[in-house]
Amino acid sequence: MEINYIILAHKGPYQLARLLEKLNTKEARFYLHIDKDADITPFRKALGHLCNVFFLSGKQRITAVWADFSMVQATLNAMRQIIADRRNGYCVLLSGQDYPIKSSSCIDERLTRQSGVNFIQGYPILPSECPEQGCRRINRYKINLSHTRNDILVFPSVFDKEFYGNANFQSFVYLAKRKSIASCLELLPKTLRKRRFPSYIQPYKGSQWWALPVETLHFIDGFIHDHPDYLSYHLYTFAPDEIFFQSIIHSRLDKACISEEVTYVSWPPDNLSPLLLKTSNFDEVMEKGRDKLFARKFDMEIDSRILDRIDREIG
């Protein structure tokens, strides 16, 4: 089974090298998007001994900002390179801080046995649910004030009563204090139009990380070609990487060929970031992730021993 790994990374070249060496087989190919703001030289040095690594370069390589469409764009750039290279089999999306919790042979066996299945989480975004978790993300405009994590503002349109509330007023005051003229010029015209999710597709949300047959990549690329407004709509979505692909697949593909995601992530309550997994979390990872192939997130500079234990466990 050919497995094409898309890996989004911005730090940790030696941790990334360890990840690739663990996943490396004669059928594996690695498509790496190293954030444009990161120095790519250490990554090339750490991975120079591998012949099946493709570094996205030139316009393919962008600055990927947390909760921004750039995360989707980086993924699309790698997907389109896989399509251009006429790859087959599966495409697996990982970050540089992921790690396999099954052996490479187990990963191959699972994907071969369930060939054609789209492993991607997806839950319908319903009008009645918590606004912060669903409708606010698709009915409000999100703008970045900088590339710093969580330095964002989310605004309703003038047709929403929330626009006239105190919280929104405070957001405008904050924006004025930041003296962000560019953000104002970008934002204000948008608020004059009510934001609606495209009517031809149902919104779904789910984990950013997935494993899809390459045929599905072709389907996604064709869908975007036929519906360019779907892409432009998500330029102002908060965390579109958790909605963009999920909505296409769960709305347009047969439910029989969709299954749960294959990456284990531990989310602390009311936290915008997943738990950083350490040695003390080993039992949790192996037990709760027993049906998964990968886990995240890890940091070798903080705790590499958990990766050592995983290596001993899976062989």
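Values computed for the structure shown
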read-out: Residue in the stretch 242-301 that is farthest from G222 (Cα to Cα), counting only those that are surrounded by 14 or more Cβ atoms within 10 Å (Cβ to Cβ) and among the aromatic types (F, W, Y); value: F282
read-out: Residue within the stretch 90-105 that is hydrophobic (A, V, I, L, M, F, W, C), within 14 Å of I3 (Cα to Cα) and surrounded by fewer than 20 Cβ atoms within 10 Å (Cβ to Cβ) present; value: no
read-out: Subset of the stretch 223-255 (residues that are free of Cβ contacts under 8 Å to residues at least 40 places away in the same chain and either within 14 Å of I143 (Cα to Cα) or aliphatic (A, V, I, L, M) (or both)); value: L231, S232, Y233
read-out: From the options T237, T263, T279, residue that is of a type in the set (S, T, Y) and over 30 Å from Y200 (Cβ atoms); value: T279
read-out: Test: E287 is in the same structural domain as G116 (by TED's automatic domain parsing) and within 22 Å of E109 (Cβ to Cβ); value: yes
read-out: Only listed residue being in contact (Cβ under 8 Å) with a residue 60 or more places away in the chain, closer than 22 Å to I314 by Cβ and among the polar types (S, T, N, Q), chosen from N88, N4; value: N4
read-out: Options L192, L175; residue that is exposed (fewer than 11 other Cβ atoms within 10 Å of the Cβ), out of contact with any Phe, Trp or Tyr (no Cβ under 8 Å at 6 or more places or on another chain) and either assigned by TED's automatic domain parsing to the domain that holds D226 or touching a residue at least 24 places away in the same chain (Cβ under 8 Å) (or both); value: L192
read-out: Number of the exception - Y230 against (1) closer than 24 Å to G116 by Cα; (2) part of a helix (DSSP H, G or I); (3) in contact with a helix residue (DSSP H, G or I) (Cβ under 7 Å, 6 or more places away or on another chain); (4) hydroxyl-bearing (S, T, Y); value: (1)
read-out: Test: residue in the stretch 240-253 that is assigned to a helix (DSSP H, G or I) and modelled with pLDDT under 95; value: no
read-out: Unique match (being in the same structural domain as R110 (by TED's automatic domain parsing), farther than 14 Å from D98 by Cα and in contact (Cβ under 8 Å) with a residue 60 or more places away in the chain) among L307, L272; value: L272
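The values are calculated or read from the model by the stated rules, or taken from the named source; none is laboratory data. Here the structure is a predicted model, which is why all the values come from computation and not from measurement. Neighbour counts run over all protein chains shown; Cβ positions are idealised from the backbone, glycine included.
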